[in-house]
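Scroll down for the structure; my scribbles are underneath it.
The values are calculated or read from the model by the stated rules, or taken from the named source; none is laboratory data. This one's a predicted model, so the numbers in the text were calculated from it and none came from an experiment. So basically every Cβ, Gly included, is an ideal-geometry build from the backbone, and we count neighbours across all protein chains shown.
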Amino acid sequence: MDRLYAGPIDLIKKVLKTEGPRGFYRGYLAYIGAYAPASAVQWGTYEHAKPVLSTLLPSFPHLTNALSGGLAGLMAVTSNNPFEILRIRHQLLDKSSPADAELMRKGYWHLARTIWNSEGIWGFYKGLQLRVLVTVPGAMVAMIWKIRRKEENDMALTNTDCPDLKLLARGKVRDLYNVDDKTLLFVATDRISAFDVVMKNGIPGKGKILTQISDFWFDLLKDVVPHHLITCNVDEMPAAVQKYREQIEGRAMLVKKLKILPVEAIVRGYISGSAWVEYTKKGTMCDMPLPKGLKESEEFPAPVFTPSTKAEMGEHDENINPDKLPGMIGDRLAKELEEVAIKLYTKARNYAREKGIIIADTKFEFGVDADDNLVLADEVLTPDSSRFWPVAGYAPGRGQPSYDKQYLRDYLTSINFDKSAGVELPESVTDNTMAKYIEAFTILTGRKPTL
């Protein structure tokens, strides 16, 4: 009884004193013997049963998965039961009993022989019926859930199909349609890219989060510069667009037509990513000299404008020195672009910091209207186009945890991704990336996204 009421430290001391380190590993071999083979049997049965059942029941994938899972669960508990009986019987042995003490001294093999001699093979299958009743239905439900999850992943919208609207382009994430002489339809799909390469599978619902967070920022920043967004509400869009509601609901923006500038306006408040890589190699950022001794993730004294080229799909954006910008878009627009981009970043940075998020850097895109006025376009301050770090725990000198697709970049780096063609992302990566996007949206807007 003393053990039941001792604190954990007292209990650890008592086990060490009476039994030594081995006391923490009593029954370990029996545990491994019980569960390792059972696990192998379970998955082996499932992998062999599913193709056979799929052939017999081709029109019932859920039933096939359930039956395969149930059969796998049955085989697992059947193979596991003798080891489990042996483990439990050994734990129930009483040291104060001379007979039990002798069994404990001789070990599991002698205990197994004793059970066999006294009870026969059925001694190892006591309680099997109850375990089957509990385990098999659970395994069937688990396998149904697994295939449902796969179906949900397969439901990621990676391409749109609006045949009555003219498709102008498919970008890394968005599909762009012509609506009329003055408006376009931007549809954020569930495609995801990293290192300027689109992955093979999408993340269900991601496009909806990108659209909703862009809508939020467009509204918050509207006093800084005009933007291209007309509405995200399908009910307010033309009838020619509304007919595709099932595809585009929650992920579409009706926008003004603009002449898009051929550059991306990147603003960095902290040194990270490609900027940090260049700095460690050359001591520069976009070929601009930086002070010596900067640490990774260190904040700049003031936001820095670092534009890049706007690459076609399949190509890579290239960071450029701001001095090259006038030659690409003219002196007036180059100056205005830099000033407006820094104003947008500064206002968003200050807002986000109050909410507990650091915007380390972000990318803006701009166009000009018929009167040559600068207009904010595309997406704004999304986890796709920005680095979001939690304020809590921020410390320069290392990489930071993030709420953006840095998680995806880190995964791709870990598998030595060659940046040439997209790969199939495992479910854990898509789930965790989506969770970070949802968390960022919730913190910044104070509400849950509509998915």
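Yes/no per residue for (1) at negative phi; (2) surrounded by 20 or more Cβ atoms within 10 Å (Cβ to Cβ); (3) at pLDDT 95 or above:
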{"position": "Met199", "(1), (2), (3)": "yes, yes, no"}
{"position": "Gly205", "(1), (2), (3)": "no, yes, no"}
{"position": "Lys222", "(1), (2), (3)": "yes, no, yes"}
{"position": "Met237", "(1), (2), (3)": "yes, yes, yes"}
{"position": "Val241", "(1), (2), (3)": "yes, yes, yes"}
{"position": "Ile248", "(1), (2), (3)": "yes, yes, yes"}
{"position": "Val255", "(1), (2), (3)": "yes, yes, yes"}
{"position": "Met285", "(1), (2), (3)": "yes, yes, no"}
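Restricted to region 338-369, and to residues there that are under 26 Å from the mean Cα position of the chain (by Cα) and hydrophobic (A, V, I, L, M, F, W, C), the residue that is surrounded by the most Cβ atoms within 10 Å (Cβ to Cβ) is Phe364.
Figure legend. Inter-residue proximity from region 368-397: first residues closer than 18 Å to Leu229 by Cβ, second residues polar (S, T, N, Q) and at pLDDT 95 or above, beta-carbon distance below 7 Å, spacing 6+ or different chains. Indicated pairs: Glu379/Ser214; Val380/Ser214; Leu381/Thr362; Thr382/Ser214; Ser385/Thr362; Ser386/Thr362.
Does Pro326 satisfy the condition of being in the same structural domain as Gln406 (by TED's automatic domain parsing), more than 26 Å from the chain's Cα centre (by Cα) and not in a helix (DSSP H, G or I)? In short, no. The listed residues are Lys292, Lys335, Lys281, and the only one of them that is within 33 Å of the chain's Cα centre (by Cα) and either without any contact (Cβ under 8 Å) to a residue 12 or more places away in the chain or not assigned by TED's automatic domain parsing to the domain that holds Phe364 (or both) turns out to be Lys281. Checking each residue of region 161-179 against the condition of being of a type in the set (A, V, I, L, M, F, W, C) and modelled with pLDDT under 90 gives no match. The helices (runs of 4 or more DSSP H) falling completely within region 105-224 that include 2 or more residues that are under 30 Å from Gln91 (Cα atoms) and either touching a helix residue (DSSP H, G or I) at 6+ places or on another chain (Cβ under 6 Å) or aromatic (Phe, Trp, Tyr) (or both) map to 108-119, 128-154.
Hey, among Thr445, Thr413, which residue is farther than 24 Å from Ile213 by Cβ and either surrounded by 11 or more Cβ atoms within 10 Å (Cβ to Cβ) or in contact with a Pro (Cβ under 8 Å, 6 or more places away or on another chain) (or both)? Walk me through how you get there before you give the answer.
Working: Thr445 fails: farther than 24 Å from Ile213 by Cβ.
Residue meeting the stated conditions: Thr413.
Of all residues in region 202-223, those being within 17 Å of Tyr351 (Cα to Cα), touching a strand residue (DSSP E or B) at 6+ places or on another chain (Cβ under 8 Å) and touching a residue at least 40 places away in the same chain (Cβ under 8 Å) number 3. Being farther than 17 Å from Thr309 by Cβ and of a type in the set (A, V, I, L, M) is the filter here; which residues of region 351-385 pass it? Ala352, Ile357, Ile358, Ile359, Ala360, Val368, Ala370, Leu374, Val375, Leu376, Val380, Leu381 - these are the residues of region 351-385 that are farther than 17 Å from Thr309 by Cβ and of a type in the set (A, V, I, L, M). When Asp175 is tested against (1) surrounded by 23 or more Cβ atoms within 10 Å (Cβ to Cβ); (2) within 24 Å of Thr445 (Cα to Cα), only condition (2) is not met. Out of Cys286, Cys232, one residue alone is under 26 Å from Gly330 (Cβ atoms) and out of contact with any His (no Cβ under 7 Å at 6 or more places or on another chain). It is Cys286. So for region 294-316 (the condition being more than 21 Å from Asp196 (Cβ to Cβ), in a helix (DSSP H, G or I) and aliphatic (A, V, I, L, M)), does at least one residue qualify? No, because not a single residue in region 294-316 is more than 21 Å from Asp196 (Cβ to Cβ), in a helix (DSSP H, G or I) and aliphatic (A, V, I, L, M).
Confirm whether Asp431 is modelled with pLDDT under 90, within 16 Å of Ser214 (Cα to Cα) and in the same structural domain as Arg353 (by TED's automatic domain parsing). No; evaluated as a whole, the condition is false for this residue. Just for region 181-197: of the residues that are at pLDDT 95 or above and among the polar types (S, T, N, Q), which one is nearest to the chain's Cα centre (by Cα)? Among those that are at pLDDT 95 or above and among the polar types (S, T, N, Q), it is Thr189. Residues that are hydroxyl-bearing (Ser, Thr, Tyr) and either more than 18 Å from Ser193 (Cα to Cα) or surrounded by 11 or more Cβ atoms within 10 Å (Cβ to Cβ) (or both) within region 416-442 comprise Thr430, Thr433, Tyr437, Thr442, listed in sequence order.
Sort out for me the strands (runs of 3 or more DSSP E) sitting completely within region 351-451 that have 3 or more residues that are in contact with a helix residue (DSSP H, G or I) (Cβ under 9 Å, 6 or more places away or on another chain) and at negative phi.
Numbers: elements: 357-368, 374-377, 386-390.
Correct list: 357-368, 386-390.
Considering region 81-116, the residues that are surrounded by 12 or more Cβ atoms within 10 Å (Cβ to Cβ) and of a type in the set (Ser, Thr, Tyr) include one that is farthest from Thr135 (Cα to Cα), namely Thr114.
Can you tell me which residues in region 46-64 are modelled with pLDDT of 75 or more and assigned to a helix (DSSP H, G or I)? Give the derivation first.
From region 46-64, those modelled with pLDDT of 75 or more are 48-49, 51-58, 60, 63-64; that's our starting set.
Answer for region 46-64, where residues must be modelled with pLDDT of 75 or more and assigned to a helix (DSSP H, G or I): His48, Ala49, Pro51, Val52, Leu53, Ser54, Thr55, Leu56, Leu63, Thr64.
Only one of the numbered conditions (1) within 28 Å of Cys162 (Cα to Cα); (2) touching a residue at least 40 places away in the same chain (Cβ under 8 Å); (3) part of a helix (DSSP H, G or I); (4) not β-branched (Val, Ile, Thr) is violated by Ser274, and that is (1).
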